[in-house]
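Below is one structure; the comments refer to it alone.
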Amino acid sequence: MHLPAPQLGLKTIAVITSNDRYVNEAWRKSIEDRMQAKMALTMLSDADGAALRALGLVDDLGFGMGERANRFAVLAEDGKVRCLLPHHGPSPQPKPDRPNPDPNPNPNTPPN
């Protein structure tokens, strides 16, 4: 997994989910174990989706699936959002020869 945080001068990577703390902790460990550059992740839980809804980053999928968070990246500095990059494309599909696809193979550009 390629997260170019240190090269970009980032101090913190935070992941926000609607999962509970036990799922978040397991996910954090799994992600950190696969990161090329070792850096701690901060896992945030938005259990009822209020924060993501307020940011306009949820969609109602219909068919009884309810609201789901969109993929996005936020660059914040000194508590202020400097850049919000929502992901508008389909999720990458794993391939048998490459089980963990990198949707952004060029670390110097944001994902589409």
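Readers should treat all values here as calculations from the given coordinates under stated rules, not as data from a laboratory. Remember, it's a predicted structure, so these values are computed and weren't measured experimentally. Glycine gets a Cβ as well: all are built from the backbone with ideal geometry, and neighbour counts include every protein chain shown.
Summarising the label geometry, the points placed 7 Å from Cα in the beta-carbon direction at Ser30 and Val81 lie 2.7 nm from one another.
Here the label points at Phe72 and Leu10, each 7 Å from Cα along the C-beta direction, are separated by 1.5 nm in the simple model.
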